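Worksheet: the structure to be examined is printed underneath.
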Amino acid sequence: MQAVIASRIDRLAPSKKELLQTMAVIGREFPLPLIRQVAGNSQADIECTLAVLQAGEFIYEQPAFPDPEYTFNHALTQEVGYNSVLIERRKLLHERAGAAIESLYASRLDDHLEELARHYSRSDNACKAVEYLRLASDQALKCSHHAEAIAHASAALKLLQKIPSPSNRADAEFSLQLNLGMASMLVLGYSAPEVREALERAVELTRQNRPGRQTFDVIGGLFAFYLVRADLRRANRLANEMLEIAATEKSEALSIEGHLALGCSLFWLGRFAESLEHSMLCSVALPDLSPVNFVGSDTPAVALAYQAACLWHLGFPEQAAKVCSRALARADSLNHPCSAATVRQIVSKVLLFVDFHLGQQETERMIAISSEYGFRLLETVGKLYRHMATLDRRENLEDLTELAVLIRRHAEFGAEIELPTYYAALAKGYGEIGEPEKALTLVNDALNIIKETSECSMKAEFHRLKGQLLLLQTRANLDEAERWFRSGIDIAQSQQAKSWELRATTSLARLLCDSNRRDEARTLLSDIYSWFTEGFELPDLKDAKALLDELSA
């Protein structure tokens, strides 16, 4: 077939063949003004040749406004025509095509970045090739097309050495390495060597007197990297450094992103009231605030999601549910898939506490978005939430085995944040199917992780859960279980985590009741229950109320 097409092209008159080859370099489709500008022939000559090529069924015309467009009849025709152009002339035509696009579409180059990147990267103009590949990578990252962002950044990095100016080369490399690192996190995982290498190189380049915004961006990238790897102390230091840069630059936009970073790290450290304070400082959109921040998502939407999580921990479940709705509405209004998936990662877990069926729906939506756009880590997290929700309603060995597989898959991404959350669901499940020893092993492993990482958002719940499992193991563990319940209450109180405090106090009150210490149980439970002002139809408060009624009978 290729030989037949090549023979037909060779039989064309030289001027007709030359125009066909020029159009093959332009692409599969090409508007008339672009053909005129690249070919440089008179309008009459071009129209005559186009008519001949149409009659020969090489191309066909597509009506368009204000000028007609043309398309090759078959992709193979374009391929054969393209390969018949000598390499040096091909490079020249690519550069002319790029220059023509710049001239014709000067007011809307953003619509043509991929074309410009393709043409200049196949020319000898390395400077423009790198610039448009960088811009195309930026654009892809903002649109949640992470695989494309990686491809464009990688292609540009290969061309860097062709840029003669060292300073221009360093400027371009900084942006490209940052894009490569940020996009690779979601596609390749946080343990991928490409992520570490890209971010470390970006850090090295920041030491070469980068402006404040560029330094801020790479520190934000590192913050996201260490946050997801649960290196929370380092993430917290980087968040504070982001705020320092924002203050130096006197930038409200940078300050908002810095407060979000600090709010995120404080949440996982178990400092919920402080996290809420910082999250509330960054939930308002600014006109000059980028829709994509250091976690590749919308800042106000993520801030609202963290507010909801903090409110649940602090004992305000109904307020948390309302803020979840605001976060989802904001994320879904942006047509930005990464924001939609990331926000659901945070709010789905909250909703599973306050509106179980809605939590399940948003979890499924998170899985669907992540699957469609290749967010493999977020897809795995969504499936973990799905199994956690299933285990909350029924426990069986098959579900527990699948959850364990997903936890291992999650670890393969290098992501350690939330690992205690998954261990808690697994331990609870094993306890309820009558395997408390296996469950206790998981709890002890999780407590070691908490000690190593300082991820304390569930520390109080793990102390309660260990007490519960000790009781399931044997009633002889009564005193030890009581100590774990009380330490869970102490931790929750130090964190102002009223929701965890309620759970731990309910467990302790039940133990005290069974030990004929009903007055003490009633006093403890009554104090924490009476603190709450909302959420009385939710399971934890209903359980506490039922036990209080029993203790008062």
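The values are calculated or read from the model by the stated rules, or taken from the named source; none is laboratory data. Worth saying up front: this structure is predicted, and the values here are computed from it rather than measured. Neighbour counts are summed over all protein chains in view; Cβ atoms, including those assigned to glycine, are modelled from backbone coordinates with ideal geometry.
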Residue 409 meets each of (1) over 22 Å from residue 341 (Cβ atoms); (2) in contact (Cβ under 8 Å) with a residue 24 or more places away in the chain with one exception, condition (1)
Residue 447 - would you say it is under 26 Å from residue 361 (Cα atoms), without any contact (Cβ under 8 Å) to a residue 40 or more places away in the chain, part of a helix (DSSP H, G or I) and of a type in the set (A, V, I, L, M)?
no
So, residue 438, is that one in contact (Cβ under 8 Å) with a residue 12 or more places away in the chain, touching a Phe, Trp or Tyr at 6+ places or on another chain (Cβ under 8 Å) and in a helix (DSSP H, G or I) or not?
no
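Quick check on residue 253: is it modelled with pLDDT under 95 and either part of a helix (DSSP H, G or I) or of a type outside the set (Phe, Trp, Tyr) (or both)? Step through it out loud before you land on a result.
Working: modelled with pLDDT under 95: yes; either part of a helix (DSSP H, G or I) or of a type outside the set (Phe, Trp, Tyr) (or both): yes.
In short, yes.
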Please specify each residue of segment 167-197 satisfying the condition of being of a type in the set (Ser, Thr, Tyr) and closer than 25 Å to residue 408 by Cβ.
184, 190, 191
If you take just the helices (runs of 4 or more DSSP H) that sit entirely in segment 40-159, which of them hold at least 2 residues that are buried (at least 22 other Cβ atoms within 10 Å of the Cβ), outside the structural domain of residue 20 (by TED's automatic domain parsing) and touching a residue at least 24 places away in the same chain (Cβ under 8 Å)?
87-104, 113-121, 126-142, 146-159
Could you list, in sequence order, all residues of segment 479-518 that are within 21 Å of residue 274 (Cβ to Cβ), in a loop (DSSP other than H, G, I, E, B) and of a type outside the set (A, V, I, L, M, F, W, C)?
496
If residue 236 satisfies every condition in (1) at negative phi; (2) surrounded by fewer than 19 Cβ atoms within 10 Å (Cβ to Cβ); (3) free of Cβ contacts under 8 Å to residues at least 40 places away in the same chain but one, which is the exception?
(2)
Among the residues of segment 67-126, which ones are more than 15 Å from residue 23 (Cα to Cα) and of a type in the set (Ser, Thr, Tyr)?
103, 105, 107, 120, 121, 123
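Return the only residue of 333, 279, 290 being of a type in the set (S, T, N, Q) and either modelled with pLDDT of 95 or more or crowded, with 19+ Cβ neighbours inside 10 Å (or both). Quick ask: steps written out before the conclusion?
Values: 333 fails: either modelled with pLDDT of 95 or more or crowded, with 19+ Cβ neighbours inside 10 Å (or both); 290 fails: either modelled with pLDDT of 95 or more or crowded, with 19+ Cβ neighbours inside 10 Å (or both).
Residue meeting the stated conditions: 279.
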Determine, yes or no, whether residue 273 is at pLDDT 95 or above, at negative phi and surrounded by fewer than 24 Cβ atoms within 10 Å (Cβ to Cβ).
yes
Taking into account only those residues within segment 23-33 that are in contact with a Phe, Trp or Tyr (Cβ under 9 Å, 6 or more places away or on another chain) and part of a helix (DSSP H, G or I), which is nearest to residue 104 (Cα to Cα)?
32
Selection count, segment 366-406, where residues are assigned to a helix (DSSP H, G or I), out of contact with any Leu (no Cβ under 8 Å at 6 or more places or on another chain) and free of Cβ contacts under 8 Å to residues at least 24 places away in the same chain:
10
Whether any residue in segment 346-360 is in contact (Cβ under 8 Å) with a residue 60 or more places away in the chain, surrounded by fewer than 19 Cβ atoms within 10 Å (Cβ to Cβ) and basic (Lys, Arg) is what I want to check.
no
Quick one: would you say residue 447 is at negative phi and assigned by TED's automatic domain parsing to the domain that holds residue 350?
yes
Candidates 171, 138, filtered to the one that is acidic (Asp, Glu) and over 27 Å from residue 377 (Cα atoms)
171
Go through the residues of segment 213-221 one by one and say whether even a single one is basic (Lys, Arg) and at pLDDT below 90.
yes
